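S.K.: One structure coming up, written as structure tokens, with questions to follow.
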Amino acid sequence: MKRKVEIKEVFRGVKAAFPSTVPIFFGWIFVALTYGVLMEELGYGPLWTLLFSMICFCGGMQIAAVPMMAAGFDPVQMLIMSYFVNFRHTFYGLALLEKYKDTQPFKPFLIYALADEPFSLAVSSDAPEGMEPRYFFFGQTLLLYVYWCGLTALGSVLGKIITFDTTGLDFALNALFIVFFLQQWKDKAKRPACIIGVAVTLLARIAFGPTMFLIPALAGMLLVFWLGRNKL
Amino acid sequence: MKLTVIQTLIIILAIAVGTQISRWLPFLAFSGKKETPAFVKYLGRVLPPALMGLLVVYCFKNTPIFTGSHGLPELIAALFVVLSYEWKENLLLSVGGGTVAYMLLVQFVF
């Protein structure tokens, strides 16, 4: 499926997407700095951090991998772990099948980089009038990709210079998702799904404990949505 | 570095492969040649808000409720985020302010 790409349109897409990405840029400063500092403490410099970010591009799992790497070399456990930690991304894909339908030749990149934040941006915004959506979505994801790679590498550099107690810095991510949740909550039609998402995940967390609950939560959500398919 | 260069590169690949499988699956399963099933379309509509809820709970999965500070710093900082966002709808203010509030709480108060 070859489709012509107008370079001018790519620039327009990036420009149009830019305002919506700015809040995430700022939200990521804290997280990226934390990650850079953690990597630095483990002995990985900015170039290593950049490589991790460019190839993996999965904030939460990259951070979770730090203590796992400190514990030793276990690639099989790491692969299984990152699949399950990022299992929710499969659901992001389901949620974006329609929006990403006509996005060639950018589609592989959009899927490659389909992390929490690109997902939340793509579901909550649309291309401006008169622009092909594929350029807009590519602009969004490209900017976020560049931010994450740049900020984490920078965090690793700054980690050497800035020495302060970083306890609690990771709350930035929590705050970011609370805001994204509130944005969904604003739309009254989405509130039942909001409540189902919170309630099912909370129940799963209570029933299965902090390390095993994500898969049961996603399975439970599927079940509830299947049962309510004619009502929601 | 606890791991060697080669070991680290293998770890990077392991993380990337695990992540990419989860991201590509739905697009490979519903590749556009056939009409997407109605149930999958419906999931595409209800999943975004539900997943945002899941992410919020996921963030607090390790918050101790019955021990330590009983999740009070988390509760106070989360309330700050919610109320400030309801008030100003400014993501930077809510994320930055909430994080600073949380850091002050866990480092100096609790």
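S.K.: What tally of residues in segment A:24-39 results from selecting those that are farther than 11 Å from A:ASP170 by Cα, within 14 Å of the chain's Cα centre (by Cα) and at the interface with chain B (Cβ under 9 Å from one of its Cβ atoms)?
M.R.: 1
S.K.: Now for a separate question. Could you go through segment A:116-130 and let me know if any residue there is surrounded by fewer than 23 Cβ atoms within 10 Å (Cβ to Cβ), under 24 Å from B:LYS61 (Cα atoms), more than 8 Å from chain B (Cβ to nearest Cβ) and not acidic (Asp, Glu).
M.R.: yes
S.K.: For segment B:94-110, give me each residue that is assigned to a helix (DSSP H, G or I), more than 7 Å from every other protein chain (Cβ to nearest Cβ) and either among the β-branched types (Val, Ile, Thr) or surrounded by fewer than 18 Cβ atoms within 10 Å (Cβ to Cβ) (or both).
M.R.: Result: B:VAL100, B:LEU104, B:PHE108, B:VAL109.
S.K.: Right, next: Are any of the residues in segment A:145-165 crowded, with 24+ Cβ neighbours inside 10 Å and either farther than 29 Å from B:GLY97 by Cβ or at the interface with chain B (Cβ under 9 Å from one of its Cβ atoms) (or both)?
M.R.: Looking for residues that are crowded, with 24+ Cβ neighbours inside 10 Å and either farther than 29 Å from B:GLY97 by Cβ or at the interface with chain B (Cβ under 9 Å from one of its Cβ atoms) (or both), one finds none in segment A:145-165, hence no.
S.K.: Then there is this: Give me a count of the residues in segment A:99-121 that are assigned to a helix (DSSP H, G or I), in contact with a helix residue (DSSP H, G or I) (Cβ under 8 Å, 6 or more places away or on another chain) and either aromatic (Phe, Trp, Tyr) or modelled with pLDDT of 90 or more (or both). It would help to see each step written out before you state the result.
M.R.: Kept after step one, since they are assigned to a helix (DSSP H, G or I), are these residues of segment A:99-121: A:107-112, A:116-121.
After this cut, where a residue has to be in contact with a helix residue (DSSP H, G or I) (Cβ under 8 Å, 6 or more places away or on another chain) as well, the list is A:107, A:109-112, A:116-121.
Still in the running and either aromatic (Phe, Trp, Tyr) or modelled with pLDDT of 90 or more (or both): A:107, A:109-112, A:118-119.
Of the residues in segment A:99-121, 7 are assigned to a helix (DSSP H, G or I), in contact with a helix residue (DSSP H, G or I) (Cβ under 8 Å, 6 or more places away or on another chain) and either aromatic (Phe, Trp, Tyr) or modelled with pLDDT of 90 or more (or both).
S.K.: Pick from segment B:50-91 the residues that are at pLDDT 90 or above and in contact with a Cys (Cβ under 8 Å, 6 or more places away or on another chain): which of them is surrounded by the fewest Cβ atoms within 10 Å (Cβ to Cβ)?
M.R.: So, considering only residues that are at pLDDT 90 or above and in contact with a Cys (Cβ under 8 Å, 6 or more places away or on another chain), the one surrounded by the fewest Cβ atoms within 10 Å (Cβ to Cβ) is B:GLY53.
S.K.: Related question: Answer yes or no: is there a residue in segment A:39-52 that is assigned by TED's automatic domain parsing to the domain that holds A:LEU121, free of Cβ contacts under 8 Å to residues at least 12 places away in the same chain, more than 20 Å from B:VAL17 (Cβ to Cβ) and surrounded by fewer than 24 Cβ atoms within 10 Å (Cβ to Cβ).
M.R.: Checked against the condition, which is being assigned by TED's automatic domain parsing to the domain that holds A:LEU121, free of Cβ contacts under 8 Å to residues at least 12 places away in the same chain, more than 20 Å from B:VAL17 (Cβ to Cβ) and surrounded by fewer than 24 Cβ atoms within 10 Å (Cβ to Cβ), segment A:39-52 yields at least one hit.
S.K.: Considering segment B:21-33 alone, what residues qualify as being assigned to a helix (DSSP H, G or I) and within 7 Å of chain A (Cβ to nearest Cβ)?
M.R.: Step one: of segment B:21-33, the residues assigned to a helix (DSSP H, G or I) are B:21-29.
Selection gives B:ILE21, B:SER22, B:ARG23, B:TRP24, B:LEU25, B:PRO26, B:PHE27.
S.K.: Only one of (1) out of contact with any Gly (no Cβ under 9 Å at 6 or more places or on another chain); (2) farther than 29 Å from B:ALA29 by Cα; (3) facing another protein chain (nearest Cβ under 7 Å) fails for B:PHE39. Which number is that?
M.R.: Result: B:PHE39 fails condition (2) only.
S.K.: Give the number of residues within segment A:104-133 that are closer than 12 Å to A:ALA16 by Cα and in contact (Cβ under 8 Å) with a residue 24 or more places away in the chain. Before the answer, list the steps.
M.R.: As a first pass, look at segment A:104-133 and keep what is closer than 12 Å to A:ALA16 by Cα: A:125-133.
From what is left, the residues that are in contact (Cβ under 8 Å) with a residue 24 or more places away in the chain are A:125, A:127-128, A:131-133.
Count: 6.
S.K.: Do you know which of the residues in segment A:169-191 that are at pLDDT 80 or above and part of a loop (DSSP other than H, G, I, E, B) is farthest from the other protein chains (Cβ to nearest Cβ)?
M.R.: Taking the candidates together, the pick is A:LYS186.
The values are calculated or read from the model by the stated rules, or taken from the named source; none is laboratory data. This one's a predicted model, so the numbers in the text were calculated from it and none came from an experiment. Methodologically, a virtual Cβ is constructed for each residue, glycine included, from the backbone with ideal geometry; neighbour enumeration extends over all protein chains shown.
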